[in-house]
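K.L.:
The following block contains the structure, expressed as structure tokens.
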Amino acid sequence: MKTSTLAGLHALLLAAAAVFVPARALDVTTEENAPFNYLDSQQRIAGISTEIVLELGRRAGIPMKIQLTPWARAYQLAINMPDTCVYSTARLPERETLFKWIGPISTNKWALFARGDFNQRIDTLDDARKYRIGGVVMDAKVTYLKSLGFATIDPVNDDTLNVAKLLAGRIDLWVAGLYKGKELIGQSGAKNIKPVFVVREVEYYLACSQKTSDAIVNALAAELQVLQKEGFLKAVAERYANRLH
């Protein structure tokens with residue numbers, strides 16, 4: 001009886017999901033932020049969050065069209081365009097009413113990076129207030145620091161520029177995702193940049209425009225609950241584990 005009931009409920013979910021499919025594919029935007037979302041060697045958008053978002057769409061019967069752009073553009077498109085979502089998005093109080101939220105889909109750490117010759121102690125986040133800090137325009141990390149009263153933040157549109165700025169002494173610290181920071185440092189070939197403080201651990205979401213249908217958002221959220229119970233999210237994260245250290 002239990003198996004029959006579950007099968008019946010699943011059939012109802014599939015039937016209902018068919019009603020939610022938009023006239024065109026759901027537009028989804030993201031940025032280069034390995035290992036959560038990035039362009040792989042075959043020029044495909046991959047990563048922990050990407051796999052989860054695509055699986056949500058597949059199971060809900062909602063086609064998705066994903067594009068990778070600089071974060072400021074990805075973020076603004078998801079705010080302004082109907083039936084558009086962005087990931088991996090940190091859910092902050094300042095952003096709460098801007099989106100319809102689905103998640104969490106993954107977890108990240110934010111860190112402060114410095115040059116190898118930086119010898120000042122940073123034991124708490126307050127210790128970093130006196131330094132010039134690089135970041136990215138409209139990025140959650142910059143928004144978070146500004147909400148705490150940090151006044152010496154110098155954001156750019158492209159995070160790769162922060163590596164050069166740090167090496168040149170134009171900024172003292174750089175706030176980035178721990179894993180993305182290490183990735184960009186490796187790509188640049190720089191040997192003398194190091195993480196000096198973990199700012200916080202943050203959950204990532206799929207954030208959809210307020211002009212996105214509630215039916216679509218609810219269908220994706222329902223499938224996320226199923227994936228969580230199945231252990232799908234944990235399994236995907238474990239497959240990328242080697243990139244997270």
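K.L.:
Which number in (1) more than 30 Å from Leu26 (Cα to Cα); (2) surrounded by 15 or more Cβ atoms within 10 Å (Cβ to Cβ); (3) not basic (Lys, Arg) marks the one condition that Ser188 misses?
P.N.:
Every condition holds for Ser188 apart from (2).
K.L.:
Would you check if there is a residue in the range 51-66 being surrounded by fewer than 19 Cβ atoms within 10 Å (Cβ to Cβ), in a strand (DSSP E or B), over 14 Å from the mean Cα position of the chain (by Cα) and not hydrophobic (A, V, I, L, M, F, W, C)? Write out each step before concluding.
P.N.:
First, the residues of the range 51-66 that are surrounded by fewer than 19 Cβ atoms within 10 Å (Cβ to Cβ): 54-55, 58, 61, 63-65.
Retained after the next criterion (residues that are in a strand (DSSP E or B)): 64-65.
Next cut, over 14 Å from the mean Cα position of the chain (by Cα) only: 64-65.
Then keep just the ones that are not hydrophobic (A, V, I, L, M, F, W, C); that gives 65.
Yes, some residue in the range 51-66 is surrounded by fewer than 19 Cβ atoms within 10 Å (Cβ to Cβ), in a strand (DSSP E or B), over 14 Å from the mean Cα position of the chain (by Cα) and not hydrophobic (A, V, I, L, M, F, W, C).
K.L.:
Based on what the data block shows, is Gln225 of a type outside the set (D, E, K, R) and assigned by TED's automatic domain parsing to the domain that holds Val142? Before the answer, list the steps.
P.N.:
On the way: of a type outside the set (D, E, K, R): yes; assigned by TED's automatic domain parsing to the domain that holds Val142: no.
It is false that Gln225 is of a type outside the set (D, E, K, R) and assigned by TED's automatic domain parsing to the domain that holds Val142.
K.L.:
Among the residues of the range 21-50, write down those that are assigned to a loop (DSSP other than H, G, I, E, B) and small (Gly, Ala, Ser).
P.N.:
Here is the first cut: in the range 21-50, the ones assigned to a loop (DSSP other than H, G, I, E, B) are 21-25, 31-32, 34-36, 40-44, 47.
Scanning the range 21-50 gives Ala23, Ala25, Ala34, Ser41, Gly47.
K.L.:
Within the range 79-95, can one find any residue that is of a type in the set (A, V, I, L, M) and free of Cβ contacts under 8 Å to residues at least 60 places away in the same chain?
P.N.:
Narrowing the range 79-95 to residues of a type in the set (A, V, I, L, M): 79, 81, 86, 90, 92.
Cutting the leftovers down to free of Cβ contacts under 8 Å to residues at least 60 places away in the same chain gives us 92.
Yes, that holds for at least one residue.
The values are calculated or read from the model by the stated rules, or taken from the named source; none is laboratory data. Only a predicted model underlies this, so the values are computations on that prediction, with no experimental measurement involved. Note that each Cβ is placed from the backbone with ideal geometry, even for glycine, and that neighbours are counted across all protein chains shown.
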